[in-house]
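Enquirer: Mind having a look at this structure? Questions to follow.
The values are calculated or read from the model by the stated rules, or taken from the named source; none is laboratory data. Keep in mind it's a predicted model, so treat the numbers as computed, not measured. Please note: Cβ atoms are built from the backbone with ideal geometry, for glycine as well, and neighbour counts cover all protein chains shown. These area figures cover heavy atoms from the full protein model, side chains too; ligands, DNA and RNA do not enter into them. Shrake-Rupley method; radii C 1.70, N 1.55, O 1.52, S 1.80 Å.
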Amino acid sequence: MNRIATLTLSSVLLLALSGCERPKAKGMEKPPEGPISVTTTQAKVGNFPAILEATGQTQAYNTVQIYARVSGYLQKRSYTEGSAVQKGDTLFVIDPSDLKNSLSSAQAAYDLATANHTNAKAALNRIKPLASANAASAQDLDTATANERNSAAALAGAKAVLEQAKLNLSYTTIKAPLSGFVDRSKVDVGTYVTAGANGLLTTMFQSDPIYVNFTFSENQKLARQNAIASGKLTSPKDGKYTIELILSDGSTLERKGSIDFIAPFIDSTTGNITYRALLENSDHKLLPGQFVRVRVKGMEWTNTLYVPQKTVMTGDKGKFVYVVEANNTVSPRPVTTSEWIDGNIIIESGITTEDKIATDGLPKLRPGSQVIPESKK
């Protein structure tokens, strides 16, 4: 086969292969060129409720450990473990037999001291006029005076012992120091309990009202302070907030309360500042130690700039919006954002109310894309 024939055959084969090329799958075609239709909006100014969100944990208003104040055998437990009790209700009884005997002995010693003091006073009263008439010596008067003082001191001591004996006997009946819920007993009936640090009997919890502890970062706190100082953010005049709690099952509780504590230091391990709210809990739906999502309501953003949430995108350098320029091209404009509220997001800086912002077709847009804008109020 000569050279001319070879070239002719090659050309025929190339044409045949070209004619057999498969069509491109749907969706893989080259995107159409030309202007992209977009709807535009402009940033607006308004007032918005400021909602502070954090993770929190409830804490009992009072947690009281109940200890034995006298030693003895635990005779009775008078409450149902885990139940609610009222202040003054009997929780435990310690066998009072030994302390009753101690009280009887202290009472006898007090009666004897009372009698001795009575006799000493009578003797002193008799000798005083005799000494004044020189019918008794000065030594006799001094002795009677000393006896009266000694007996008075002995009576005071006996009275103190008697009062302590009465107090010790009263400690055998252990009563609730407050209204609340009582934990299970730490000691079984019949056990010998000792007074002091080793005599823990149970723990009580007062959960109405109840505390909720939560934290904000140092940056969040500084941002709030700066916003309040600039007048952009206002606090409730009465200092009362609405605390919304989202429970583990997604249900929501809304309670009135006040923030009654802000830690005076920053946690060096987390960089957070602890806050505490005091809430009403008469229905006892909140239990101490419960993890909740906390929303603090009551503050308000005033005269603040906002745009729809969907217009704000996130890139390598942070958040931005696509601004439609005068020549109908788009350019990414970096923005500093704040809170997301009801489909809108607060803009702290980056745009003005004069800028036209693209609200749809955003995935198709690239810096410099030609657009056909349609205004949307």
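Enquirer: Which percent of the accessible heavy-atom area of the stretch 123-166 goes to carbon and sulfur, probe 1.4 angstrom?
Expert: Roughly 54 percent of what the probe reaches on the stretch 123-166 is carbon or sulfur.
Enquirer: Per residue, how large is the accessible surface of the stretch 286-344? Use a 1.4 angstrom probe and give square angstrom.
Expert: Numbers: 3100 Å² over 59 residues.
With all protein chains present, the stretch 286-344 gives 53 Å² per residue.
Enquirer: Against the 2.2 N^0.38 Å scaling, with N counting residues, where does the stretch 230-366 land? I'd like the Cα-based Rg ratio to two decimal places. Provide the component values of the computation, followed by the final result.
Expert: Values: Rg = 20.1 Å, N = 137, 2.2 N^0.38 = 14.3 Å.
So the stretch 230-366 has a normalised radius of gyration of 1.41.
Enquirer: Quick one: angle between helix 218-230 and the longest Cα principal axis of the chain, in degrees between 0 and 90, rounded to 10, please.
Expert: Helix 218-230 sits roughly 80 degrees off the main axis of the chain.
Enquirer: If you don't mind, there's one more thing I want to ask. So what's the convex hull volume per residue for the Cα atoms of the stretch 128-228, in Å³?
Expert: Working: hull volume 35.2 nm³, N = 101.
Considering the Cα atoms of the stretch 128-228, their hull volume per residue is 349 Å³.
Enquirer: Would you work out which of ALA135, PHE261, LEU112 lies farthest towards the positive end of the dipole of the chain, given +1 charges on the beta-carbon of Lys and Arg and -1 on that of Asp and Glu, about the Cα centre?
Expert: Result: PHE261.
Enquirer: What does the helix-only formula give at 222 nm for the chain: each DSSP H stretch with n ≥ 4 adding -39500 (n - 2.57), the total divided by the residues, and the result rounded to the nearest 500 deg cm²/dmol?
Expert: Value at 222 nm, helices only: -9500 deg cm²/dmol.
Enquirer: What is the percent carbon and sulfur in the accessible area of the stretch 204-330, measuring with a 1.4 Å probe over the protein chains and ignoring ligands?
Expert: Carbon and sulfur: 51 percent of the exposed surface of the stretch 204-330.
Enquirer: Please give the helix 138-170 orientation as an angle from the longest Cα principal axis of the chain, in degrees from 0 to 90, rounded to the nearest 10.
Expert: Tilt relative to the chain: about 40 degrees.
Enquirer: Here's something else I'd like to know. Name the residue farthest towards the positive end of the dipole of the chain from the options THR194, GLY88, ASN226, assuming +1 on Cβ of Lys and Arg, -1 on Cβ of Asp and Glu, about the Cα centre.
Expert: So the residue furthest toward the plus end is ASN226.
Enquirer: With no solvent and one equal point scatterer per Cα, compute the Debye intensity ratio I(q)/I(0) for the stretch 331-375 at 0.17, 0.21, 0.23 Å⁻¹ and report its log10, rounded to two decimals.
Expert: Debye intensities relative to I(0), on a log10 scale: -0.61, -0.90, -1.04.
Enquirer: Right, here's the next one. Which one, ALA122, ALA326, PRO209, is farthest towards the positive end of the dipole of the chain when Lys and Arg carry +1 and Asp and Glu -1 on their Cβ?
Expert: The Cα lying farthest towards the positive end belongs to ALA326.
Enquirer: Where does each of 346-354, 197-205 land if you order them by average Cβ count within 10 Å, highest first?
Expert: With the highest mean Cβ count within 10 Å placed first, the list reads 197-205, 346-354.
Enquirer: To make sure I understand the rule: partners must be aspartates and glutamates, Cα under 18 Å from the Cα of LYS310, and not fewer than 8 residues away in the same chain. Which ones qualify?
Expert: Partners within reach: GLU339, ASP342, GLU348, ASP355, ASP360, GLU374.
Enquirer: Can you pull a Stokes-Einstein diffusion coefficient for the stretch 113-161 at 37 °C (0.692 mPa s), Rh from Kirkwood over Cα pairs, as a whole number of µm²/s?
Expert: For the chosen part, D equals 298 µm²/s.
Enquirer: What order do you get for 215-224, 69-78 when each peptide is scored by the mean count of other beta carbon atoms within 10 Å, highest first?
Expert: 69-78, 215-224
Enquirer: Okay, next question. What does the convex hull of the Cα atoms come to per residue for the stretch 246-294, in Å³?
Expert: Looking at the stretch 246-294, the number lands at 97 Å³ per residue.
Enquirer: Still on this structure, please answer the following. Of the cross-linked pairs LYS186/LYS256; LYS232/LYS319; LYS44/LYS319; LYS175/LYS256; LYS175/LYS240, which ones have a Cα-Cα span greater than 28 Å in the structure shown?
Expert: Numbers: LYS186/LYS256 36 Å; LYS232/LYS319 21 Å; LYS44/LYS319 18 Å; LYS175/LYS256 32 Å; LYS175/LYS240 36 Å.
Exceeds cut-off: LYS186/LYS256; LYS175/LYS256; LYS175/LYS240.
Enquirer: If you place +1 on the Cβ of every Lys and Arg and -1 on the Cβ of every Asp and Glu, how big does the dipole about the Cα centre of the chain come out, in debye to the nearest 20?
Expert: Dipole about the Cα centre, nearest 20: 580 debye.
Enquirer: Work through the residues other than SER258 whose Cβ is under 14 Å from its Cβ and net out their charges, Lys, Arg +1 and Asp, Glu -1.
Expert: +3
Enquirer: If you restrict to DSSP beta bridges whose two residues both lie in the chain, what percentage is antiparallel, to the nearest 5?
Expert: If we restrict to bridges inside the chain, about 95 percent are antiparallel.
Enquirer: A follow-up question, please. Taking just the alpha carbons, could you work out the radius of gyration and Dmax for the chain, both in angstroms?
Expert: Rg then Dmax for the chain, in Å: 42.9, 174.
Enquirer: Quick one: which of 80-86, 289-295 comes out on top by average Cβ neighbours within 10 Å, and what's the full order, highest first? Provide the component values of the computation, followed by the final result.
Expert: On the way: 80-86: 11.9, 289-295: 16.3.
Order by mean packing, descending: 289-295, 80-86.
Enquirer: Okay, next question. One-quarter of the Cα convex hull surface for the stretch 50-136, in nm²?
Expert: Answer in nm², one decimal: 15.2.
Enquirer: Using the heavy atoms of the protein chains and a 1.4 angstrom probe, tell me the accessible area per residue for the stretch 188-267 in square angstrom.
Expert: Ligands and nucleic acids excluded, the figure is 57 Å² per residue.
Enquirer: I need to check one value: relative contact order of the chain, counting alpha carbon pairs closer than 8 Å and at least 6 residues apart, in percent. Could you put the intermediate results ahead of the total?
Expert: Working: 700 pairs, mean separation 104.5, N = 377.
Computed over the chain, the figure is 28 percent.
Enquirer: Just to confirm the number: angle between the C-alpha axis of helix 3-19 and the first principal axis of the chain, 0 to 90 degrees, nearest 10?
Expert: Helix 3-19 sits at roughly 50 degrees to that axis.
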